[in-house]
Amino acid sequence: MVERSLDVGKAVDSNSSPPTMKILSIETSCDETAISLIEASGDLESPTFSVIGNSLISQINIHNEYGGVFPMLAKREHAKNLVPILKDVLIQSKMFTEGEIKIEKDLWNEIEIILSKEEGLYKMMMDVFKNIESPKIDLIAVTNGPGLAPALWVGISFAKALQKIWNIPLISVNHMEGHICSVLLNRTDEFKILNLEFKNNSINFPALALLISGGHTELVEIKNWGDYKIIGETKDDAVGEAFDKVARMLGLPYPGGPEISKLAEYARESKLPATAKFPRPMIHSHDLNFSFSGLKTSVLYYLRDNFSVLDEKVQITKDNCADIAREFEDSVIDVLKAKTIEALEETNAKTLIIAGGVIANKKIREAFLDLEKTLNGLKLRIPNSSMATDNAIMIGMAGYMRLCLNPKIVEKTDRITAEGNLKLCH
Ligand code: KG4
Ligand code: ZN
């Protein structure tokens, strides 16, 4: 079969916007299985998006037992979740039309090969997709990195199989570019309210992005869409990772960010005495890099020196835990703010984008909203908390932006592979 290509080249080449298109996006880079269907229109300067279907299954409870994400388990769960959530998205979008579609035996054989390493997925797809009509979708966007390779592969193989069944063009998306694009949709009071339209979140360039997630802490200079330069990054742990590890030391469940945040808020509201003191790593290093592993070790030593351990559990009161959480959070905020101010000076950025799961943190959001007030003319763009953590909507939006940048981008399907360490680049 000849792969269908997108028919947007002419429109973009003649300096007008691509036509409105429906984009199905798939995100499986870590412990969230997410699929969404968005409608996208406009151009790079003023894109408009509406969410017409969105579904996400978090594996948090499953990974909780291990205190972190276990890649092979994540892979297995993604394989189990993808078909039901796609069905859910199609139903939400009123695109689930029962009816038989003709899929030649040879094509099923190709799909079986594509899904040969994804436990049970081939059978689930056969059962469901032989009985639904091809939906009117213009493009599929799938995350191909960075992330956990086995988890990424399930999403990619699934996307390739859908591409074959429905003959829809497919592109790969960098997960971190997805986080950057999450700010293009910042009025997501609830995903449940579908069919909302979002615009006017334009970015003035040059922009600076502070990306803070479970796997990344990066400062990215963005001269224009698609032109990314990492100007600072962590030398060891990512901020989210430090939140998760400190939470674990305190006996709190995974993911640790929201737990630490709740305790820190309790400490502030109850005005608990500030006893714990931790360093602000690399705050005076005169570069834009970060280090959070030392901060984590300071918490470890503080616990060791002040509290006893019984049956591998540190014996500590809620108030002591909250005091530690508050001081840890304050340290993170001081470092993130100081480095961001330096990077803003260096880049002359007009827009500051902050994205990634950690910006779901209330205190960090407040700290940057305060900073915006003190910096004349700087536009701050942060996603709503539900758009900060991993989701597929951001992947669909990044796919659209990539397409606007380069309408000929649609790749040969078999060239798309999982790239666990994929970097943002020019
Ligand atoms: O972007 P994300 O959903 O996944 C990755 O791409 O890594 O980020 C997940 C990270 C986890 O480390 C989690 O603890 C952290 O974001 N996180 C938070 C909060 N909510 C999620 N960290 C601090 N405060 C929060 N409220
Ligand atoms: Zn992420």
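The values are calculated or read from the model by the stated rules, or taken from the named source; none is laboratory data. Keep in mind that this is a model prediction, so the values were computed, not measured. Glycine also receives a Cβ, built like all others from the backbone with ideal geometry; neighbour counts cover every protein chain displayed. Keep in mind that these areas ignore ligands, DNA and RNA; they rest on the heavy atoms of the full protein, side chains included. Shrake-Rupley method; radii C 1.70, N 1.55, O 1.52, S 1.80 Å.
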Item to check | Breaking point among (1) under 30 Å from H63 (Cβ atoms); (2) crowded, with 16+ Cβ neighbours inside 10 Å; (3) at pLDDT below 85; (4) not acidic (D, E), for N201 | outcome: (1)
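Checking the condition touching a residue at least 24 places away in the same chain (Cβ under 8 Å), buried (at least 17 other Cβ atoms within 10 Å of the Cβ), outside the structural domain of R248 (by TED's automatic domain parsing) and not β-branched (V, I, T), which residue from G53, G99 passes?
Step by step, each of G53, G99 is checked, and only G53 is touching a residue at least 24 places away in the same chain (Cβ under 8 Å), buried (at least 17 other Cβ atoms within 10 Å of the Cβ), outside the structural domain of R248 (by TED's automatic domain parsing) and not β-branched (V, I, T).
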Checklist entry - What residue, of D287, D323, is more than 16 Å from ligand 1 (Cβ to nearest atom), more than 19 Å from G214 (Cα to Cα) and in a helix (DSSP H, G or I)? => result D323
Checklist entry - Which of the residues that make up region 235-291 are open to solvent by 50 Å² or more (accessible area, probe 1.4 Å), over 17 Å from D334 (Cα atoms) and in contact with a strand residue (DSSP E or B) (Cβ under 8 Å, 6 or more places away or on another chain)? => result K235, G251
Item to check | All positions within region 334-373 that are among the β-branched types (V, I, T), outside any strand (DSSP E or B) and buried (at least 18 other Cβ atoms within 10 Å of the Cβ) | outcome: V335, T340, T347, V358, I359, I364
Checklist entry - Which of the following residues is away from ligand 1 (no atom under 16 Å from the Cβ) and closer than 26 Å to V183 by Cβ: A274, A242, A338, A264? => result A338
Checklist outcome for this item: Condition set among the polar types (S, T, N, Q), at pLDDT 90 or above and not in a helix (DSSP H, G or I), scope region 374-401, selection farthest from ligand 2 (Cβ to nearest atom): answer is N391
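Take the residues in region 138-148 that are among the aliphatic types (A, V, I, L, M) and open to solvent by less than 40 Å² (accessible area, probe 1.4 Å), then tell me which one is farthest from ligand 2 (Cβ to nearest atom).
Ranking the candidates gives L139 first.
Report whether or not T417 is over 23 Å from E265 (Cα atoms) and open to solvent by 10 Å² or more (accessible area, probe 1.4 Å).
For T417, the condition - over 23 Å from E265 (Cα atoms) and open to solvent by 10 Å² or more (accessible area, probe 1.4 Å) - is met.
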